[in-house]
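Structure first, commentary second.
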Amino acid sequence: MSTSKRQSLEREEARKELLTILKPGDTVYCVLRHVSRSGMQREISLYTEGMVSLDHYAERVLQMRRGKRDGLVVSGCGMDMGMHIVMNLGYVLFPDGFTCTGRDEHPNMCPSNDHSNGDRNYEPHQHTSGGYALRSRWI
C-alpha cells in the first residue's frame with residue numbers, strides 16, 4: 001500500500017473515532033505544553049471533558065506533527081492558537097455543518113457563530129459551517 005493511501009486511510013479512521021468521541025457543542029480543552037523562545041511556535045494538547053487525550057487523532061486528522069513535549073505543533077502568533085486548532089477540527093469533523101444544539105442541551109447554548117450574527121432561531125436547523133461546532137477552553 002502506498003504511503004499516501006495509508007495516510008488517507010489513517011486519517012479517515014481517526015476522523016471516525018473522533019466522531020464517536022465528540023458531538024457538536026462539546027468542549028475541547030487546550031493545554032499549552034511549550035512556547036518557543038521566539039514566540040512563533042507552540043505545542044498544544046487537546047482533551048475532552050473526561051480528560052481523554054485527542055492529540056493522536058487530531059494529529060492524523062489535521063495532518064499536524066507532534067513536538068518533543070507531545071503537543072501538537074502550531075506556528076504563528078497574534079491569535080488564540082488553541083481555538084484555531086479546535087475550529088479546524090470542527091471543519092474536518094463536520095464539513096457540511098451541524099444541527100443546532102439549541103438552548104437546553106448544553107449550558108452555554110449552541111456554539112454556532114450564526115447566533116451572534118442575527119440568527120436567533122434555536123430550533124433544530126442546519127448550520128452551514130462546522131468550524132464553530134466545538135467549543136475551546138484553556139486549562
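Show me the strands (runs of 3 or more DSSP E) entirely contained within the stretch 1-114 in which 2 or more residues are in contact with a strand residue (DSSP E or B) (Cβ under 9 Å, 6 or more places away or on another chain) and of a type in the set (Ser, Thr, Tyr).
On the way: elements: 27-35, 41-47, 72-75.
Filter on the stretch 1-114 gives 27-35, 41-47.
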**Asked** From 82, 118, 102, which residue is open to solvent by 40 Å² or more (accessible area, probe 1.4 Å) and either farther than 24 Å from residue 51 by Cβ or at pLDDT 80 or above (or both)?
**Response** 118
**Prompt:** From the set of residues in the stretch 8-45 that are open to solvent by 90 Å² or more (accessible area, probe 1.4 Å) and either over 21 Å from residue 71 (Cβ atoms) or within 15 Å of the chain's Cα centre (by Cα) (or both), which is modelled with the lowest pLDDT?
**Reply:** 23
**Item:** Pair list, Cβ < 6 Å and 6+ apart or interchain, from the stretch 57-86 residues that are β-branched (Val, Ile, Thr) to residues that are open to solvent by 80 Å² or more (accessible area, probe 1.4 Å) and not in a helix (DSSP H, G or I)
**Value:** 73/65
**Request:** Go through the stretch 32-53 and give me each residue that's under 14 Å from residue 75 (Cα atoms), hydrophobic (A, V, I, L, M, F, W, C) and free of Cβ contacts under 8 Å to residues at least 40 places away in the same chain.
**Result:** 35, 40
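Out of everything in the stretch 105-115 that is farther than 21 Å from residue 20 by Cβ and open to solvent by 50 Å² or more (accessible area, probe 1.4 Å), what residue ends up being modelled with the lowest pLDDT? Spell out how you get there, then give the answer.
Here is the first cut: in the stretch 105-115, the ones farther than 21 Å from residue 20 by Cβ are 107-110, 112-115.
Going one step further and asking which of them are open to solvent by 50 Å² or more (accessible area, probe 1.4 Å), we end up with 107-109, 113-114.
Details: 107: 56, 108: 59, 109: 73, 113: 69, 114: 68.
Checked the stretch 105-115; the qualifying residue modelled with the lowest pLDDT is 107.
The values are calculated or read from the model by the stated rules, or taken from the named source; none is laboratory data. Small disclaimer: the values here were computed from a predicted structure and weren't measured. Neighbour counts are summed over all protein chains in view; Cβ atoms, including those assigned to glycine, are modelled from backbone coordinates with ideal geometry. In case anyone asks, the SASA skips ligands and DNA or RNA and just uses the protein heavy atoms, side chains included. Shrake-Rupley method; radii C 1.70, N 1.55, O 1.52, S 1.80 Å.
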